[in-house]
Amino acid sequence: MKLPALLRRPPLPPLPLRSPRSPRSPRSARSALTAGLAAVLLVAGLFTVHNLGHRPSAPRSAAAQRAAGMPVANQRPPLLPAGPTALPPPYTVPAGGAAAPGTRLDCPSGSLPGIMLTEVVFDPPLTGGTDFTVRTYLITVTGQINNETGAALVVSGVTARVRGESWHPRLSFPKVVAPGTSVQITLSGKYSSVYEGPAPLSTDLLWDWQNPALRACGVKGLIYDD
């Protein structure tokens, strides 16, 4: 059946014909690549020139900043000049005798003189090397009298104790000890132990300054060693 002419679809217009793309020649491809590289190099050159024109200046040294009146931050304080260690002044006491009123005397300094025990021999030997038994012992002690001060001293005696009890041995030692020297001392005597137990022994030095003018100092200014 034929449709009326008004209901028929008009025919579509013909599509335009495209001419086939001609292939690029190798020469034109190389020209395009060269032009692209030239553009990249031009942009890089402009960026470099821009950076060179805006390069930040090198930081100024602290001395240059001070010379220009600029504040300097985070600076260490200058080191103090090294110098000798200050020693404490000598201990002084009023000078007596014929000295003028107001005269003061410099006292010796150093460690307090004393006795250092170097050997103790018990006869018979102690039990286990440390303890007495109930018996009588002969004790011989050897030591040194040390004078580490700057003045001579006179030794008047030694007190000795065994188990805290007074012990009276025979003593042998020089009466005068020169400054900065040590002399040997020997103690020897019997001790009767009435019970078993440890055998502690201790000594104390009795001394004074040889120079009568220093005797007012006593032990003032001396160091007590442990």
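The values are calculated or read from the model by the stated rules, or taken from the named source; none is laboratory data. Keep in mind the model is a prediction, meaning the values are calculated, not measured. A quick note on method: Cβ atoms are made from the backbone with ideal geometry, for glycine too, and the neighbour counts reach across all protein chains shown.
So which strands (runs of 3 or more DSSP E) are wholly in segment 64-150 and hold at least 3 residues that are under 30 Å from Ser172 (Cβ atoms) and at pLDDT 75 or above?
Answer list for segment 64-150: 114-123, 135-147.
Take the residues in segment 196-218 that are of a type in the set (S, T, N, Q) and touching a residue at least 60 places away in the same chain (Cβ under 8 Å); name whichever of them is surrounded by the most Cβ atoms within 10 Å (Cβ to Cβ).
Only one residue tops the list, namely Thr203.
Of all residues in segment 177-226, count the ones that are charged (D, E, K, R) and either assigned to a loop (DSSP other than H, G, I, E, B) or modelled with pLDDT under 95 (or both).
5
Take the conditions part of a strand (DSSP E or B), over 39 Å from the mean Cα position of the chain (by Cα) and free of Cβ contacts under 8 Å to residues at least 24 places away in the same chain and apply them to Ser156. Does it pass?
The answer is no for Ser156.
Among the residues of segment 162-175, how many are part of a strand (DSSP E or B) and either surrounded by fewer than 12 Cβ atoms within 10 Å (Cβ to Cβ) or among the hydroxyl-bearing types (Ser, Thr, Tyr) (or both)?
Qualifying residue count, segment 162-175: 4.
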